[in-house]
Amino acid sequence: MFDLIIRGDRVVTPQGMGAWDVAVKGDQIAAIAAPGTLDDAAAGRVIDATGKIVMPGGIDPHVHCAWHIPALEEGEEPTYTAPPSVVSRAALYGGTTTMIDFASGEAGDTIQQMIENRDKEWVDKCYCDFAYHIMLRGAVPPAIIEEIGEAVQDGYATVKVFTTDITPSRKGRMVHFGDIWEILKVLAREGGLGVIHSEDNDIVMHMYEKLFREGRTSFHNLAEVHNALSEDISFRRIIRLAENIEGAALYMMHVSAASGVSAIEQSRTKGFPMYGETLHQYMLYTSEDYKRPNGQIYHTYPSLKSQADQDGLWEGTLNGAINTVATDEICCSLSTKVQGDKIDDTTGGNSGVEPRVAVMYTEMVENRGYSVERFVDLTSSNAARIMGMYPRKGALAAGSDADITILDPDEKRTVRKEDLHSTDYTPWEGREVAVWPTVTILRGKIMVENGEFFGDEKDGQYLKRYVPDEIRSGPLL
């Protein structure tokens, strides 16, 4: 006896899209059966998804919940982004069932302390499943570098580093290149993955100084600071470092420029395990959008770039250099998002986790003719594969977690902040989408159905992850 059977004619499995019945028992998919094989009486409930897209739950590998936003003035209190309870609820409404955030700490914290402190903000406070990247910042003591191996073996498989401080006011983020070298050696030895925010710090800080000297301090000039040359130089430098460490693999976060795509592609051509993530705002907005009212709402770090750079990102989704589309989720109020208006104080990130799946389906499948399978790879399956969650996550297959999203083409709509569930603005305001998730299922539990929410904050589980050897041995995807 099954708990649920979903009957669909556009069901996306690892073998492709087709007509299948998805049978769920407990928290797992029990069977993928040919239509008509399973009788209605074999399940407690049957959902007819004919004409809809049935896909694995979306995975967002890059979010920041309960995250520190620096105060604009010295002495002012910092603010924090929305907690996991808010963001995960919005994610489920949008068809995303798994998110990966970050665990970092203060000077002197061990990696275990970083994890334990983050657990206090997430465990039993999140509606969807979740994981952390370990984030190391600034000077990294040798003792912490040695702790990485134990963390990887315990299921914390990914370590994030910055190659820049990002802004002059955020000193202490950049990890020195020699320390990155040592970190990547440990990750290579232990089977982990380097997760990189890569910009050339010298170029970025030079441009801050130059634009301040010239009086061009408005956020409209951010693309000059966080520029494509910086991405080119930094990507090639850290990729070259990884190429010289046997077993090292990199996941380049928020690729924003065609030069970054090219650097990843060239390394992959040589057989190295390099993977790229971009963000949905990079794919659909450019630096020209900074000129729109409240143009800060489109910004994250690195900056939006040119139309040519955006074209390069789309090309990267076709040549293998771009494997995932994330959000860099920063869920805050509109007033917080636009409080800074200079090149060095503009709030990064975007409130985008809820509309991500529908927006990207519309642009990829409806507007650009991508296959539904490629769309699913970019918004779900590839993140699971790279991050060590596949096929538990990111797959409709027997034995996989029953994380299922049903997209309904009859639910075309205009994105409006009033209809979303996280904050008081959306950078996707007014965008027409061709589908909307009408059912989201997490490990067999219906969390959202036709706009009604059934989740509990204790539903989300932490996912320990182990990156497969095949991901780390060459450019698998």
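Where a number appears in this text, it was derived from the coordinates with a stated rule and is not lab data. Given the structure is predicted, the values throughout are model-derived calculations rather than measurements. In this analysis, Cβ positions are derived from the backbone assuming ideal geometry, glycine residues included, and neighbour counts consider all displayed protein chains.
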At a Cα cut-off below 19 Å, give the aspartates and glutamates reachable from K120, other chains included and same-chain residues fewer than 8 away excluded.
D101, E106, D109, D129, D154, D456, E457, D459
Nearest 10 degrees, 0 to 90: what angle lies between the long axis of helix 307-319 and the longest principal axis of the chain (Cα atoms)?
50
Cross-link partners of K270 among lysines (Cα-Cα below 29 Å; sequence separation of 8 or more within a chain):
K160, K185, K305
Taking a crude spin-label model, label points 7 Å out from Cα along the C-beta direction, the E366 to S306 distance in nm is 3.1
The chain: antiparallel bridges as % of DSSP beta bridges, rounded to 5, reads 50
Using the alpha-carbon centroid of each, what span in Å lies between region 195-239 and region 244-281?
19
Inter-part distance where region 336-392 and region 95-141 are each reduced to a Cα centre, Å:
21
Pulled fully out, how much extra length does the chain show between R170 and E411, if you take 0.36 nm times their separation in residues and subtract their Cα-Cα distance?
82.5 nm
Region 58-393: equivalent-ellipsoid semi-axes (sqrt of 5 x gyration tensor eigenvalues, Cα, Å)
25, 24, 22
The alpha-carbon center of region 173-191 and that of region 393-445 are separated, in whole Å, by 37
How far apart, in nm, are the 7 Å Cα→Cβ label points at E246 and R216?
4.9
Can you sort R45, R472 by how many other beta carbons sit within 10 Å, fewest first?
R45, R472
Using only the alpha-carbon atoms, how far is helix 228-243 inclined from the longest principal axis of the chain? Give it as 0 to 90 degrees, nearest 10.
80
Using the charge dipole of the chain (Lys, Arg: +1 at Cβ; Asp, Glu: -1 at Cβ; taken about the Cα centre), state which of C332, G316, M360 has its Cα farthest towards the positive end.
G316
Counting Lys and Arg as +1 and Asp and Glu as -1 over every other residue whose Cβ sits under 13 Å from the Cβ of G340, the net charge comes to -2
Taking every pair of alpha-carbon atoms in region 237-301, give the share separated by more than 15 Å as a whole percent.
56
Give me the percent relative contact order of region 58-393, please, defined on Cα pairs under 8 angstrom at least 6 residues apart.
18
